[in-house]
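Right, one structure below, let's go through it.
The values are calculated or read from the model by the stated rules, or taken from the named source; none is laboratory data. Being a predicted model, the structure only gives us computed values, none of them experimental. Here Cβ is always computed from backbone atoms with ideal geometry, including for glycine, and neighbour counts include all displayed protein chains. Protein only, heavy atoms only, side chains kept; ligands, DNA and RNA dropped before computing areas. Shrake-Rupley method; radii C 1.70, N 1.55, O 1.52, S 1.80 Å.
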Amino acid sequence: MKEPFNPFVINTYQGKDYFCDRENDLKMLISHIENDRNVVLYAWRRLGKSALIHRLFDELETSKDYETLYIDLLATQNIDEAIQAISSAIYEKYGKTSSGISASIQKLLAAIGATISFNALSGTPELTLGVNKSDQPSQSLAALGDFLLSRKKRIVIAIDEFQQITDYEGTNAEAIFRAWVQQIPEVRFIFCGSHRTLMEAMFTEKKRPFYQSSMLESLQPISLEAYTEFITQHFQNAKKKIEPASIEKIYKWSRGQTYTVQLVCNHLFANNKKVMDSDVDIVFNQILVQQQAIYANFQKMLTRTQWNVFRAIAKEEPLQNPLSKDFLTKHNLGAASTVSTALKALERLELVIKDEGNYLVHEVQLARWMATLGI
């Protein structure tokens, strides 16, 4: 893996040297895996959940005892596409050998109805996952499970944005996936999701297939102390300087959200030998200006009442009681019943979240932009 030019990585996992803390979270996950427990790892968006999984997989693969698979279901619309995503991950991990495609993978692809074509320019094999769109997706999953069980090492699978399966139409995807997990008990699963409410419901409601089947772990923001040490060290390594007060300002503005902290520090590291307080403000403004065209579209997506409530929450967050008389009057929002209806819609869209009793705009940068808008 090539060393990044900027130590504050914002796009992907680049190795443990560029990964801040999470030591306790890492130990917790390793303990669950070593003791044969499946895990539900959920967090609000951009807290570094996926990066933590890759950090864990780095550790597990280094131990030589495990093989790992990362599967992202975010773009999937139905169970056939989910099976395609799983098949693609398995093919990328095991299908390509120096002499071509392994016999075991060829057998697997035949079992799930996938085909292989060859790139006309390079001549290299490409997988066309025309997985059989049958009424029995469990058969394809069973074939994939049998292949995984044939591996000599222990397998750990992380399925990201797992809550997506609740939107699949025409089949009980939760029951199908639960049956698959039970068929391959030697394989460990980490079910990840950024919709906390949906993830909790899937694994805590008695009538749901995954009820009490896994250990629930909620990922929290990295501490200010850990980030201060991490950021300071990388600046010092490059003979640059940033004061703890500036780091605290970044942390609070970012609400401790990993992605936004990294993004701000990435800009400051690139442009400054010694970071001043004014430099931090400049980067805050630059980030919001860059996103302004996107954020402005939210007003077009929402009703007038929803937009007004949304904007008011951004200005007041963390907000404890959005139906209080003081809040309604201050922002001229009208009747509490109307605001309550708008609030439920915003929560359903995941634009507004309730965290530890406080209402917040889910996207931190969007919240900061909206807070700058006039009444």
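At-a-glance table
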item	result
Selection status of ILE53, under 15 Å from the mean Cα position of the chain (by Cα), part of a helix (DSSP H, G or I) and in contact (Cβ under 8 Å) with a residue 60 or more places away in the chain	yes
Residue pairs meeting the criteria (Cβ under 9 Å; at least 6 apart or on separate chains; first closer than 21 Å to VAL261 by Cβ, in the range 288-309; second exposed (fewer than 15 other Cβ atoms within 10 Å of the Cβ) and not aromatic (Phe, Trp, Tyr))	LEU288/THR372
Filtered residues of the range 300-315 (kept if surrounded by fewer than 16 Cβ atoms within 10 Å (Cβ to Cβ) and part of a helix (DSSP H, G or I))	LYS300, MET301, ARG304
Single unsatisfied condition, ALA75 versus (1) over 23 Å from PHE210 (Cα atoms); (2) out of contact with any helix residue (DSSP H, G or I) (no Cβ under 7 Å at 6 or more places or on another chain); (3) of a type in the set (A, V, I, L, M)	(1)
Among residues of the range 166-197, those that are out of contact with any helix residue (DSSP H, G or I) (no Cβ under 7 Å at 6 or more places or on another chain) and part of a helix (DSSP H, G or I), counted	7
Among (1) part of a helix (DSSP H, G or I); (2) at pLDDT 95 or above - the single one ALA142 does not satisfy	(2)
Among residues of the range 62-75, those that are open to solvent by 60 Å² or more (accessible area, probe 1.4 Å) and modelled with pLDDT under 95, counted	5
Residues satisfying the stated conditions in the range 280-300, i.e. under 26 Å from GLU243 (Cα atoms) and more than 23 Å from the chain's Cα centre (by Cα)	VAL280, ASP281, ILE282, VAL283, PHE284, ASN285, GLN286, VAL289
Qualifying residue in the range 112-120 (condition: modelled with pLDDT under 95, at positive phi and surrounded by fewer than 16 Cβ atoms within 10 Å (Cβ to Cβ))	no
Selection from the range 51-95 of residues that are among the basic types (Lys, Arg), touching a Leu at 6+ places or on another chain (Cβ under 7 Å) and closer than 28 Å to LYS107 by Cα	LYS93
Tally, over the range 316-347, of residues that are among the small types (Gly, Ala, Ser), in contact (Cβ under 8 Å) with a residue 24 or more places away in the chain and either on the phi > 0 side of the Ramachandran plot or open to solvent by 20 Å² or more (accessible area, probe 1.4 Å) (or both)	1
Members of the range 27-50 found to be aliphatic (A, V, I, L, M) and modelled with pLDDT under 95, listed by number	ALA43, LEU47
GLY95 vs. criteria out of contact with any Asp or Glu (no Cβ under 9 Å at 6 or more places or on another chain), at pLDDT below 95 and either of a type in the set (Lys, Arg) or on the phi > 0 side of the Ramachandran plot (or both)	no
Residues satisfying the stated conditions in the range 352-368, i.e. assigned to a helix (DSSP H, G or I) and either open to solvent by less than 30 Å² (accessible area, probe 1.4 Å) or without any contact (Cβ under 8 Å) to a residue 40 or more places away in the chain (or both)	VAL364, GLN365, LEU366, ALA367
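Let's see how each residue does on (1) β-branched (Val, Ile, Thr); (2) in contact (Cβ under 8 Å) with a residue 12 or more places away in the chain; (3) open to solvent by 60 Å² or more (accessible area, probe 1.4 Å); (4) within 22 Å of ILE165 (Cα to Cα):
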site: ILE10; (1), (2), (3), (4): yes, yes, no, no
site: ARG22; (1), (2), (3), (4): no, yes, no, no
site: LEU41; (1), (2), (3), (4): no, yes, no, yes
site: ILE79; (1), (2), (3), (4): yes, yes, no, yes
